[in-house]
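Notes to accompany the following structure.
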Amino acid sequence: MSQITDSDNPVRPPLGLPQGSVRALLTLLILGVVINEMMAGRDVDILWNETLLIALAHYFSRRRFLNIPPEVVPRLQKEGLLPPETRPLYLPTGVIRALILLTFGVAGFFLQKQGRLFDPKVLPIFGAVGAYISGMVIAYFAKWVMRPGVNSLLARWQDMQAMLVLITVASTAAIFFIHGPEGLPPWLRHASLFLSLYYFGAR
């Protein structure tokens, strides 16, 4: 049974730009708005925050790292078993992700110098983004360092993370159901959000 590849059914990307260019532009524009509002000390609208998180989730989970020998990749792409890497905005692979990380890094540096990194207007955004990316990075290194297997150290590490997230979020939900949002300590609300995003990043 033959594989159907993009070359068999060519589709023109939007505006004739490389695949993913419009998403890249939207992500950078949304990121610019959120960073600008944070640096100006203004409250960032929750819709901008949520849209940014969705865009970041796309960029940092769409393509996972695969342990495939470089010489095998062209053959898998030719056979249609592995989609080719796209180059949004004609940029090299990974540049958009690097720009996103660099932007947050520079913004965090200046906010730290101003003593505003843990400001209530800033912390939820940096915490959410940092938690998701941390989960992704830690999971990558954990799989690289620990061998997989049913009873392996990696499996136990993943079980521990799952239990921690479930207990934290279940405790938060229980307080919500019994006492309402006013009975929930801010630290527990933030912990539930950050741990949930960390776990989704790790998966």
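Each reported figure results from applying straightforward, stated rules to the coordinates on display, with no laboratory input. Small disclaimer: the values here were computed from a predicted structure and weren't measured. Cβ coordinates were reconstructed from backbone atoms using ideal geometry, including for glycine residues, and neighbour counts include every protein chain displayed.
Compute the relative contact order of the stretch 122-203 as a whole-number percentage, counting only Cα pairs closer than 8 Å that sit 6 or more residues apart in sequence.
It rounds to 54 percent for the stretch 122-203.
Could you calculate the FRET efficiency of residue 12 with residue 46 from 1/(1 + (r/R0)^6), where r is the beta carbon distance between them and R0 is 25 Å, rounded to 0.05?
Efficiency, from the Cβ-Cβ distance: 0.10.
When we measure straight from the Cα of residue 121, which lysines land under 19 angstrom away, once same-chain ones fewer than 8 places off are left out?
List returned: 113.
Translational diffusion coefficient of the stretch 122-203 at 25 °C, 0.890 mPa s, Stokes-Einstein with Kirkwood Rh over Cα pairs, in µm²/s as a whole number.
179
Give the lysines whose C-alpha is closer than 17 Å to that of residue 78, dropping any in the same chain fewer than 8 places away, or say none.
Once the sequence-local lysines are set aside, nothing remains near residue 78.
Counting Lys and Arg as +1 and Asp and Glu as -1, what is the net charge of the other residues whose Cβ lies under 12 Å from the Cβ of residue 52?
My count for the surroundings of residue 52 gives -3.
Highest mean first, how do 33-39, 141-147 rank when packing is the count of other Cβ atoms within 10 Å averaged over residues?
33-39, 141-147
Provide the net charge surrounding residue 157, with neighbours chosen by a C-beta distance below 12 Å and charges set as Lys +1, Arg +1, Asp -1, Glu -1.
Value of the local net charge: +2.
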